[in-house]
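The values are calculated or read from the model by the stated rules, or taken from the named source; none is laboratory data. In this text, all values refer to a predicted model and were calculated from it rather than measured experimentally. FYI the Cβ positions are ideal-geometry reconstructions off the backbone, even for glycines, and counts take in every protein chain you see. SASA here: full protein model, heavy atoms, side chains in, ligands and nucleic acids out. Shrake-Rupley method; radii C 1.70, N 1.55, O 1.52, S 1.80 Å.
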Amino acid sequence: MDLKYTAGNINELPVGAVVYFISEFDKVGKNLKALDECSGNAIANLLKTTEFTGKNGEIAVLRNVDCFKAMKVILLGVGEKKSLTHDSFRKAMGKLSRHKSLTSIGRAVLYFNDFENASFFQGAIEGYLLGSYKLLDYKSGEDKKSKNFLKEITFAVNNKKLLNRLEKAVTQGQIIAEGQLLARTLGLRPSNDFTPTDFANKAKELARKYKFKCRILDETAIIKEKMGALLAVSKGSDEPPRFIICEYNGGPANRAPIVLVGKGVTFDSGGISLKPGMNMGDMKGDMCGGGVVLSAITTAARLKIPQNIVVLIPTVENMPSGHATKPGDIHVSRKGLTIENINTDAEGRLILADALDYANKFKPQAVIDVATLTGATLYILGYAGIPIMGNSDKIKDQFRAAADNTAEKVWELPIWDEHRDQMKSSIADLQNSGGRPAGTITAGAFLENFIGDWPWLHVDIAYVEQEPKGKAYVHKGITGIGMRLLVNALQNWKKV
């Protein structure tokens with residue numbers, strides 16, 4: 001996609017379409033008067049018939065408007081002016097991104113009229129890129145060809161003084177959206193084309209391209225690290241485990257890193273505690289936590305965020321076989337704590353346990369883990385938001401602010417002693433499942449045992465990593481949620 005920027009008169013630009021962002025209106029004001037006059041009062045007529053009033057996502061197409069060289073003018077509603085946010089523009093452009101009035105042309109202008117907020121500019125490009133995304137790698141024939149012909153977008157404002165702000169915001173939005181699309185693409189890849197080895201190779205490829213460090217622990221190295229909990233999960237699969245370690249140094253050398261840990265189960269059958277067959281194919285996305293943190297460090301490197309960041313991704317397949325770990329088995333974690341395996345489908349917390357303990361090597365200033373950890377999230381926030389929990393109010397506050405900045409909602413859950421008691425075993429130090437009651441919280445209570453003496457936040461993206469129907473800029477399927485949230489938190493990070 002070729003992006004350009006301009007200020008001033010857009011009427012003379014010979015493009016396929018000019019897109020006007022328009023807030024809700026009940027009469028044609030001065031900002032729309034000129035366009036209304038040169039379109040033969042088309043806007044006033046649309047308002048009379050209520051075909052277009054500027055509500056978010058409304059689209060109207062005016063053709064052969066006399067004072068424009070563009071083939072058409074597209075009116076795009078962004079909603080009520082006093083309540084506009086970055087997400088208003090993200091949603092509106094997400095809807096327009098798949099509309100034939102835009103996808104059928106080669107060049108378009110996005111005209112922000114009297115809008116000057118940089119977050120609106122960023123929201124618009126994010127909405128377009130996220131909304132227009134389609135994975136075609138596994139299609140064939142004509143279906144493999146994109147039906148979106150738009151190759152160039154010019155972002156236009158009225159005031160030349162806004163051009164620097166405009167370009168900076170759009171460039172940042174493009175990089176962030178591409179980061180989220182990377183997370184989506186990784187999660188959409190089928191498990192036969194994305195094994196733990198493939199995951200590790202992808203991390204190395206991104207590290208080479210964007211100039212950060214990456215090393216991989218193979219199975220032999222994992223054994224040497226005594227990661228017994230991780231190894232227990234991988235036993236049933238013919239695919240060997242990998243432990244991915246990425247480092248980006250954007251801050252002072254003496255600054256402790258922020259460690260991001262991501263669950264990387266490239267396919268989760270449930271192991272011996274086999275999942276139901278219905279929708280099991282979605283379990284190729286059980287590595288989305290790992291995909292999100294890998295995409296976050298990639299995006300941080302591209303944006304040159306001034307922080308030191310470490311990413312740890314334990315990646316395995318969880319499969320049933322004669323070699324698989326069984327319910328009732330006891331495993332020794334890297335930390336030395338013993339774990340009774342009550343349910344082999346509670347595997348994510350086992351691999352995270354060893355990764356969280358490994359994080360101590362980096363003497364971090366904070367650790368944040370991201371995982372599709374518990375199906376119980378569906379009964380807490382549904383598909384609407386992300387449960388978070390941890391031991392630092394300062395980190396929670398930063399993530400609440402990041403949620404406001406990105407429209408990726410979070411909600412804090414407590415961890416009480418009653419939840420910790422659920423995770424105690426009668427014959428080992430811990431058990432990996434406390435049953436259904438408070439399942440999301442007890443998973444956090446389990447992980448809490450493996451953190452060191454540092455601030456920690458647990459981010460459970462189970463279910464929100466999948467969109468069941470499709471929304472404005474989020475397609476049905478893998479969402480990539482959490483990527484923008486993490487990057488915004490890293491951009492605005494305050495020492496905890």
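State whether one or more residues within region 49-60 are more than 39 Å from the chain's Cα centre (by Cα), open to solvent by 60 Å² or more (accessible area, probe 1.4 Å) and either over 25 Å from D87 (Cα atoms) or modelled with pLDDT of 95 or more (or both).
Keep residues of region 49-60 that are more than 39 Å from the chain's Cα centre (by Cα), which gives 49.
With the extra rule that they be open to solvent by 60 Å² or more (accessible area, probe 1.4 Å), the set shrinks to 49.
In the following step, the residues that additionally are either over 25 Å from D87 (Cα atoms) or modelled with pLDDT of 95 or more (or both) were identified as 49.
Yes.
Could you grab me the full set of residues in region 141-171 that are polar (S, T, N, Q), open to solvent by less than 70 Å² (accessible area, probe 1.4 Å) and either under 23 Å from C288 (Cα atoms) or not in a helix (DSSP H, G or I) (or both)?
Matches in region 141-171: S146, N148, T154, N159.
If you go through region 83-123, how many residues are assigned to a helix (DSSP H, G or I) and either in contact (Cβ under 8 Å) with a residue 24 or more places away in the chain or of a type in the set (V, I, T) (or both)? Step through it out loud before you land on a result.
To start, the set of residues in region 83-123 that are assigned to a helix (DSSP H, G or I) comprises 83, 86-96, 100-103, 118-123.
If we keep only those that are either in contact (Cβ under 8 Å) with a residue 24 or more places away in the chain or of a type in the set (V, I, T) (or both) too, we end up with 86-96, 101-103, 118-123.
So the answer is 20.
Does region 193-205 hold any residues that are crowded, with 18+ Cβ neighbours inside 10 Å and either of a type in the set (D, E) or under 19 Å from V261 (Cβ atoms) (or both), and which are they?
P196, D198, F199, A200, K202, A203
Give me the pairs, please: first residue somewhere in region 313-340 and of a type in the set (D, E, K, R), second residue anywhere and outside any loop (DSSP other than H, G, I, E, B), beta-carbon distance under 6 Å, and either six or more positions apart or on two chains.
Partner pairs satisfying both residue conditions: E317/T266; E317/F267; R334/D354; R334/D357; K335/D357; K335/F450; E340/I330; E340/Q431.
Cβ contacts < 6 Å: first residue under 18 Å from P314 (Cα atoms), restricted to region 189-201; second residue open to solvent by 30 Å² or more (accessible area, probe 1.4 Å) and among the basic types (K, R), any location; separation 6+ or different chain. Result?
That search, which allows pairs on different chains as well, returns S191/K284; P196/R242; A200/R242.
On the given criteria, is P190 closer than 23 Å to F267 by Cβ, crowded, with 19+ Cβ neighbours inside 10 Å and of a type outside the set (G, A, S)?
no
Being open to solvent by less than 40 Å² (accessible area, probe 1.4 Å), acidic (D, E) and under 25 Å from D354 (Cβ atoms) is the requirement here; does D421 meet it?
no
Quick one: in region 117-148, which of the residues that are of a type in the set (D, E, K, R) and out of contact with any helix residue (DSSP H, G or I) (no Cβ under 6 Å at 6 or more places or on another chain) is nearest to E12 (Cα to Cα)?
Going through the qualifying residues, I end up with K147.
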